[in-house]
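Working notes, beginning with the structure itself.
FYI, it's all coordinate maths here, none of it is from the lab. Bear in mind the structure is a predicted one, so any value in this text is a computation, not a measurement. With ideal geometry, Cβ positions are generated from the backbone for all residues, glycine too; neighbour counts draw on all protein chains shown.
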Amino acid sequence: MAKLIGCLAMSHAPQLMLNPDHWGLLNNREKERLPDKPELDRETAEVKWAKWNGCMEAIAKLRQKLEAFDPDVLIVVGDDQHENLVDDNMPPFSIYMGEEVEARDRLRYLNQPKSENRTKYRVDAKLAGALVAGLMDEGFDPAYSKRTRYDGGLGHAFARVLKFLTPDATRRIIPVMVNTYYPPAPSAHRCAQFGVALAKLIDRFPSADRVVVIGSGGLSHTKIDEQLDERFIRALQHNDTDYMSAMPASVLVEGTSEIRNWIVTATAANCSGTMVDYFPLYRTRTGVGCAMGFAYWQLN
């Protein structure tokens, strides 16, 4: 049987793709006239660069961890922001099960052409199909797709994490899209149930494949909430799935909603997680930015 051997999670926000000298290109919400936070005067250019370099080091550690796991298949759990899931059909959970798929990590902030940074990935269509069928037996009704409509292939949540963690694109993947961003989104409790079912179905699949689940997104943004992040990280480290399952929809909004992808991943692992690092990357004195998290779960 296939075996879930480990899990990873990391942020994918554009501040990872741009060094601090270019953060002014991002949406800093000036029109909202948010109040300044004097305590953020400490976020000097030197501090921003130190945090950003820390993120790069954390990604390198996750890449090393992935190489140590040496999986055959990567199941990437990410959200889709009007890329392949749009307003004519917005399922809570959707699995891509075509034979292959492209992903493009081009940055519009740098006016990069749409043809830039395209990578083709092999998809484990057999396991993906088994997950769709098995999830139905587990009480879910997942959507599935064999084609992408977005001109970049998979959305940014998948393209960026794959580029960072497996730049050689040698491993088979399965993209699992969770509608975290557009209400009504699946509850934290439903995401936790989904993670449990996902792990069960992986271990039931008749193959010798070694599988790693990767959660993409989060943590709090674009208004950083360090206290929320701290509580979630503590739950991750203690395998407190009760806390994760009870997180209210009122806090899982905008970019912070991507914590749902971490919940799927953490409950699939069902063991204490290890935080490699956490960096709140503030880009304005008003608290706008992205809090970056990097974690892994070592399964027995």
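The string of couplings for the stretch 161-178 from the Karplus curve (6.51, -1.76, 1.60, θ = phi - 60°) is 5, 4, 5, 5, 9, 9, x, 7, 6, 8, 9, 5, 10, 9, x, 10, 9, 10 Hz, one whole number per residue in order, with x for Gly and Pro. A cut-off of 5 Å between modelled amide H atoms, ignoring neighbours fewer than 5 places along the same chain, links residue 277 with 294. Using a simple spin-label model with pseudo-atoms 7 Å out from Cα toward Cβ, residue 22 and residue 243 lie 3.6 nm apart.
Each residue, residue 82 and residue 203, gets one label point 7 Å from its Cα in the Cβ direction; the gap between the two is 4.1 nm. Each helix, a run of at least 4 DSSP H residues, gives -39500 (n - 2.57); summed and divided by the residues of the chain, these come to -10000 deg cm²/dmol at 222 nm. Most simply put, the chain has about 50% antiparallel DSSP beta bridges, counting only bridges with both residues inside it.
Less than 5 angstrom separates the built amide H of residue 144 from those of 95, all sequence-distant by 5 or more or on a different chain. The order of the peptides 74-80, 11-17, 242-248 by mean Cβ neighbours within 10 Å, most packed first, is 74-80, 11-17, 242-248. Set the Förster radius R0 to 22 Å, insert the Cβ-Cβ distance between residue 39 and residue 231 as r into 1/(1 + (r/R0)^6), and round the FRET efficiency to 0.05. Calculated transfer efficiency: 0.65. The slack between residue 136 and residue 89, meaning 0.36 nm per residue of separation minus the straight C-alpha distance, is 15.0 nm.
Among the lysines, select those whose C-alpha is under 24 Å from the C-alpha of residue 48, and discard any that sit fewer than 8 residues away in the same chain. Filter leaves 31, 37, 61, 163, 223. Comparing mean-square fluctuations of 61, 126, 163 from a GNM of the chain with C-alpha springs under 10 Å, the top value falls on 126. What's the center-to-center distance, using Cα atoms, between the stretch 122-174 and the stretch 72-105 in Å? Here the two parts' Cα centres lie 6 Å apart. With the simple spin-label model, which puts each label point 7 Å out from Cα in the Cβ direction, the residue 49 to residue 125 separation comes to 4.9 nm. Simple rule: put +1 on each Lys or Arg Cβ and -1 on each Asp or Glu Cβ in the chain, find the dipole, and look at 90, 140, 123; the Cα lying farthest toward the positive end is 123. Within the shell of other residues whose beta carbon sits under 11 angstrom from the beta carbon of residue 37, the net charge comes to -1, with Lys and Arg scored +1 and Asp and Glu -1. Partner lysines whose Cα lies under 25 Å from the Cα of residue 200, excluding those fewer than 8 positions away in the same chain, are identified as 3, 65, 126, 146.
What order do you get for 256, 265 when you list them from fewest to most C-beta neighbours inside 10 Å?
Arranged by neighbour count, lowest to highest, 256, 265 become 256, 265.
Put simply, the amide H of residue 209, placed in the peptide plane, has neighbours under 5 Å in 2, 3, leaving out anything fewer than 5 places away on its chain.
Length gained on full extension, residue 31 to residue 272, computed as 0.36 nm times the residue gap minus the Cα-Cα distance: 82.6 nm.
Volume per residue of the convex hull around the Cα atoms, evaluated for the chain, comes out as 123 Å³.
When the square roots of the Cα gyration tensor eigenvalues are ordered a ≥ b ≥ c, the ratio a/c for the stretch 11-85 is 1.5 or more and a/b does not exceed b/c, which makes its shape oblate.
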